[in-house]
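Here's the structure we're looking at; comments come further down.
The values are calculated or read from the model by the stated rules, or taken from the named source; none is laboratory data. This one's a predicted model, so the numbers in the text were calculated from it and none came from an experiment. Cβ: placed from backbone, ideal geometry, glycine included. Neighbour counts: every protein chain shown. In case anyone asks, the SASA skips ligands and DNA or RNA and just uses the protein heavy atoms, side chains included. Shrake-Rupley method; radii C 1.70, N 1.55, O 1.52, S 1.80 Å.
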Amino acid sequence: MSVPSLLVAIVTVCARRAVLVLLAGVLVAAGCGLLASKRLGITTDTDKLFSPSLAWRQRQVALDRAFPQRTDLLVAVIDGRVPEEVDATAAGLDQALATDHAHFRSVRRPDAGPYFNRNALLFLDRTKLTALLTRTINAQPFLGQLVADPSLRGLFAALSLLAMGVQHGQADISSFGASISAFDAVLRQAVAGHPKPLSWEQLLAGPLAKLAGRYHFVLAQPVLDYGALQPGGAATAELRAAAAKLPFVASGDVRVRITGQVALSDEEFASVAQGMLVGLIGSILLITLWLFLAARSWRIVVPIVLTLLFGLMLTVGFAAAAVGTLNLISVAFAILFVGIAVDFAIQFSLRFRDARLTVPDPIAALAETARRAGRQVLIASIATAAGFLAFVPTNFVGVAELGLIAGVGMLVAFACTVTFLPACLALFRPRAETAAVGFRFAAPLDRLVMRRRVPIIAGFAVLAVAGAVLLPSWPFDSNPLDTKNPNTEAMRTLRDLMADPLTNPDTIDILTPSVAQAAALTPRLEKLPLVANVLSLESFVPQDQAPKLALIADAQNILLPTLSAPPATAAATPADFRLAARAALAQIVPVLSKLPADSPMVGIARDLKALTAAPDSVLAATNAALTRFLPQAIGRLRDGLSASQPVTLADVPPSIARDWRLPDGQARIEVVPRPAVRTPAALRQFVAQVESVAPEAGGSAVTIVATSATILGAFRMAAIAALIAIAVILLVALRRVLDAALVLGSLLASALLTVLLARAWGMGLNYANIIALPLLLGVGVSFNIYFVMNWRAGLTHPLGSATARAVVFSALTTGTAFGSLALSAHPGTSSMGTLLLLSLFCTLATTLALLPAILSGLRPR
């Protein structure tokens, strides 16, 4: 039995047993829905988009297993104007989360601890350490007053002492200019009723305070609920609630933002899902409108919609059985199925309407439709499926799974078109047609295309050549971050960290057999042009310790007695503050004439005068603003000066060492790029330089570069395989090289036009929108097959035919489905939808203009 005869038999049986087919379809669809509810899930983990057999993926998996504390993190990034407030907020958040075992598996602060406090001075280079100790020793009399009386009274006494030194020519006030200006600013704000705390850390350390960076971090590993749409959502909510209760966050002085792998994944899924329901409903309504305009009867529209839903449920069931978990790319299969599969249903239904002109009986008309169009739809579905299935063998798992689901979905759509759709049409019994189904207004266009075929072909040829010229330079952005919503908190925070050389996350990790080998590799890495810094366990052991310890020992002899003096036992009162202000003012006013007019002591005198008449509440607030963090600063200075012994690897706390050394002795190295490494090209150079020294490198920078190579390789291989498969299918099905060449030539022209339009649009490729390319093959090959096979059957005026009407409305319904993707809040999904729309427009242009122009100059056999 020939293929057309078999299709006629299938359609006839289904039409005659319509009720039975419909009931069977409902039962099968219900079974698929039940299977999907039990087995089908979604993951937002971008690591799952690539095969675990890839060498770079294996290295990354090995690193993640070796250092699990660095994975699945919520990162609280804390910053503010006053470092002490930031530090206090980080400490408070760490303490609050550490007791919440219901939401967090572990919580830690990587940038704080007694080890850093005790050895902070040893990590400075000798020049900076000398300058800091000299400044501190020069300020000893001033510090002595504050240690003995850490209040506003002690500060005013210290200012009095400074004024006396100026009066007797024993003090150079210029060396205290920055400190006095800071006191003046805080006093002035307090007098005005807006007290802001003074940062003694910035005051004592000066420019060195910036070396630690502006951000503090709390790293939390949440308890993930994989049954929820956002696995880290509950833990993130608890973290926000805990942060909101902290005093400096509540006052608005400190900001706590959340980023990290968990937050990025959760926010990405929210971006993908945002507006999806509304967009899906809007798409269905608009698609229904197009279907009604195409079919002109609800008796045909409803069967098409039911067939689409039935095919979609079958495809969902297959996805649940074959894949189980959808990723951020394969989750788009539903919209893609509707967008492409609707073409088969429209073609069959409109050809059915056309058949009713000469065959009034519905059953006989369905059989005639199967004879005329069934083979065309079959070839189109097989060719479309081949375009998708060509991606299955690639290492780009995200697209491979989409290719598997969508490829099988195309075959499912064809099966539904020749079984379920005829049954529905037989049950709904559309009225017979009284006029031609095609576009009557398009008849003059056929004649125009025939007359102007040479300019049309030449114009398309020029545009295709331009697309071919631009194709090699079409930029590809493989950074997954660029496909995420940039307006979410996690992404904005991550971008801020990337802009800071101290917190750039695009680093490279290298796992070496031992700490000694890590130390031997470090100098070779540091010599590379694009490497800014190399960190390892030895980075936490200060260098050049002997001379630094000598400097610290000298400072200890001078400063420790002063810093260790017991504070005054009697707490100062507002009256004491007022009295101290008058005493200080009496000492300062006489020396103002010896100072420059712009001396900060002039402002201090003005502030003191205002404070002598200020109410007790203002004096109390001023005292709190100026001295709140003073004891903490004195304590840290005392701790730093207590260093007396060299630090070794054995002294590094386990909480730090476990991030750099494994129990079996293996050691991790982290390579940080220079600030200039910002573009994809620079990142590739950075990775290449490091891999020339350490071929087994991993980490985020390696992953980004390797991702690009994997994606481009997968699409190159799949595109070649798809074209070969489609060509073979067309040659076998059409049995003429010319016919197959016509289909493939039009397909190639539409692809090159898509490149041209995308470049003119300013659109580059990324790992999300690149999947539009196989869809171009699927849509384009279907349209072209219909026109070529109709031409073979003797149709010389295609633009006014029922096939053209079906192609136009199929393109409108497909464009509506793709348009819902283009309106997504997720940039990757949106760019995919936009590129799909461009490719659809180009496909429609070649099918309705270029292909008829070529066919008009040929004689069908």
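Where a ≥ b ≥ c are the square roots of the eigenvalues of the C-alpha gyration tensor, would you call region 370-468 rounded, which needs a/c under 1.5, or, failing that, prolate if a/b is larger than b/c, or oblate? Oblate is the answer for region 370-468, as a/c is 1.5 or above yet b/c matches or exceeds a/b. Only alpha carbons enter this Debye calculation for region 474-628, each as an equal point scatterer, and the log10 of I(q)/I(0) it gives at q = 0.13 Å⁻¹ is -0.92. Note that region 335-386 shows a convex hull volume over its alpha carbon atoms of 62 Å³ per residue.
Separation of region 29-95 from region 323-391 is 41 Å, based on Cα centroids.
Applying the Karplus relation 6.51 cos²θ - 1.76 cosθ + 1.60 with θ = phi - 60° to region 33-40 yields 3J(HN,Hα) values of x, 5, 4, 5, 5, 8, 10, 8 Hz, where x marks Gly and Pro.
Reported value for region 547-644: 148 Å³ per residue, from the convex hull of its C-alpha atoms. What label, among [x] 141, 76, 67; [y] 118, 60, 55; [z] 135, 74, 63, belongs to Cα extents along the principal axes in Å computed from the structure on display? Computed from the coordinates, Cα extents along the principal axes in Å corresponds to [y].
With 0.36 nm allotted per residue and the present C-alpha distance subtracted, the ARG736-ARG431 stretch has 106.0 nm of extension available. Once the C-beta distance of THR573 and LEU649 is scaled by a Förster radius of 51 Å, the resulting FRET efficiency is 0.45 to the nearest 0.05.
With the convex hull built on the Cα atoms of region 346-418, state its orientation-averaged projected area in nm².
Averaged projected area of region 346-418's Cα convex hull equals 4.7 nm².
Across region 706-719, rounded Karplus estimates of 3J(HN,Hα) from the backbone phi angles (6.51 cos²θ - 1.76 cosθ + 1.60, θ = phi - 60°) give 5, 4, 4, 5, 5, 5, 5, x, 5, 6, 5, 5, 5, 5 Hz, Gly and Pro being marked x. Computed from label points 7 Å out along Cα-Cβ, the spacing between ALA583 and ALA520 is 6.7 nm. Taking each DSSP H run with n ≥ 4 as -39500 (n - 2.57) and averaging over every residue of the chain yields -20500 deg cm²/dmol at 222 nm. Modelled this way, with points 7 Å down the Cα-to-C-beta line, the labels at LYS196 and ALA66 are 4.6 nm from one another.
The modelled label-to-label distance for the pair SER642/ARG606, using points 7 Å beyond Cα in the direction of Cβ, is 4.3 nm.
Take the Kirkwood radius over Cα pairs of region 96-222, plug it into Stokes-Einstein at 25 °C and 0.890 mPa s, and you get 138 µm²/s for translational diffusion. Accessible surface for the chain, divided over its residues, is 42 Å² per residue with a 1.4 Å probe. Taking the Cα centroid of region 506-524 and of region 703-758, what is the distance between the two, rounded to the nearest whole Å? Rounded to whole Å, the Cα centres lie 44 Å apart. All other residues whose Cβ lies under 13 angstrom from that of ILE588 are scored, Lys and Arg at +1 and Asp and Glu at -1, for a net of +2.
Working note: Karplus 6.51/-1.76/1.60 with θ = phi - 60° gives region 304-315 the couplings 5, 4, 4, 5, 4, 5, 5, x, 5, 5, 4, 5 Hz, where Gly and Pro are set to x. Maximal additional length on extending the ASN117-ALA250 stretch stands at 45.1 nm, based on 0.36 nm per residue less the C-alpha distance.
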